[in-house]
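Since every read-out is calculated from the coordinates, none of them should be taken as a lab result. Quick caveat, the model's predicted, so the values are computed rather than measured. FYI the Cβ positions are ideal-geometry reconstructions off the backbone, even for glycines, and counts take in every protein chain you see.
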Amino acid sequence: MTSRSECSPYGLHRVLEPRGVLPQQAARLDATPVCGPDEVLVDVERLNLDAASFRQLRQQHPGGPAVRDAVLEIVRRRGKMQNPVTGSGGMLLGTVREVGPKSPLGLCPGDRIATLVSLTLTPLAITDGLAGWDGASEQVPCQGTAVLFGRSIAAVLPDDLPEPLALSALDVCGAPALTHRVVRRHAPTPAVCVLGGGGKSGSLSLAAARRAGAGRLVALVPSRAEADAVRVAGLTDEVVVADARDPVAVAEAVGDPVDVTVVCVDVPGCEHGAVLATADGGTVVFFSMATSFSAAALGAEGLAADVDMLIGNGYVPGHAEFALDLLRAEPGVRALFEARHGQTPQP
């Protein structure tokens, strides 16, 4: 391994195998809690597993203890949290313990932060065996350490929002920011559909689309109960119920094709429905880590669909503050987030 005095801003010095790849591609990272010159050492308090990864883990390992053991084994073996099936991870909340003298991140010891880079590339060690987690929630209380690199991103947690809500919003903050950008490009008043509009990224994306000037705004959800919740939240013009994995059902539920389709569904197989729901010349934005990009590309080709397809990479300048502002300013978004975390909605 490269000496700590020779830190790479990309984290190459933490890659144990195979050599020469970036940390996200690595099979194993060095998570030793020693701070390099441009690194930040964090005392971890909570992980937020991404939705696709958590769903897959619960399906493969029924029962909370089995899920907990699976996460512990992944982190022990890989030195990071990267689901071997979905390839995804999540992000974390913690307190800065130490900042290297050459770190460009602007953080200070004692800062309470949420990381805005994936756990799939973050060196991570868990020291408490996840004793405080029952395996039933994607938010994982824990004790451990993590390392941020020179090119990492983190946000200092706001004082005016409960930490679970802020962490949930920051976990998906790339989705509303990119949705806002794409919808504005299709101005004026484009039609927009969000598949999975009742979830975290989906509800924020609905609010972002409205703020960007969307005309017709459609939320597609999988159940009547979720449809009722989205209607009460008042985030959209239309709420339709369909299985996002059924392309024909999606197209029929949406009706007239839209200019922008945003996919926020955490299950595989939603690519073709998104393409069918989108008008020629429109844009599909894929945020789900369950997306098969080969299925999306080949499906669009097979349907002779003239649509642009974007990968939501999780980073847009200003994305963290934008998502937190939506959470503060949009009562419907906040109500859905609070319901998800079992909190009493704020008046």
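Over the chain, Cα pairs under 8 Å with separation of 6+ residues give a relative contact order of 14 percent. The calculated 222 nm mean residue ellipticity attributable to helices in the chain amounts to -9500 deg cm²/dmol, summing -39500 (n - 2.57) over DSSP H runs of n ≥ 4 and dividing by all residues.
Amide H contacts of VAL239: ALA219, each under 5 Å away and 5 or more positions distant or on a separate chain (H built 1.01 Å from N in the peptide plane; Pro and chain starts excluded).
Near the amide H of VAL307, within less than 5 Å, lie the amide hydrogens of GLY281, all on another chain or at least 5 residues away, with H placed in the peptide plane.
Fully extending the segment from SER223 to GLU301 would add 25.1 nm, taking 0.36 nm per residue of separation and subtracting the current Cα-Cα distance. In terms of the mean number of neighbouring beta-carbon atoms within 10 Å, the peptides 99-105, 271-277, 9-15, 335-341 order highest first as 271-277, 9-15, 335-341, 99-105. Note on GLU17 and ALA131: the extension gain reaches 38.1 nm, defined as 0.36 nm multiplied by sequence separation minus the Cα-Cα distance. Peptides 172-180, 220-228 ranked from most to least packed by the mean count of surrounding Cβ atoms within 10 Å: 172-180, 220-228.
The local environment of ALA290, defined by Cβ-Cβ distances under 9 Å, has a net charge of 0 under the rule Lys, Arg +1 and Asp, Glu -1.
A crude spin-label estimate for the pair ALA66 and ASP43, with each label 7 Å from Cα along the Cβ direction, gives 3.6 nm. Only Cα pairs under 8 Å and 6+ residues apart enter the sum, and on that basis the relative contact order of segment 134-290 stands at 19 percent.
Result for the chain in a Gaussian network model with C-alpha springs under 10 Å: among GLY255, GLY79, GLY196, the largest mean-square fluctuation is at GLY255.
Computed from the Cβ-Cβ distance with R0 of 30 Å, the FRET efficiency linking GLU252 to ALA187 stands at 0.60. Across segment 4-157, the mean sequence separation of Cα contacts (distance under 8 Å, 6 or more residues apart), normalised by length, yields a relative contact order of 32 percent. FRET efficiency for the pair THR95 and ILE153, taken as 1/(1 + (r/R0)^6) with r the Cβ-Cβ distance and R0 = 22 Å, rounds to 0.80. Charge tally around GLY269: other residues with Cβ under 10 Å, Lys/Arg +1 each, Asp/Glu -1 each, net -2.
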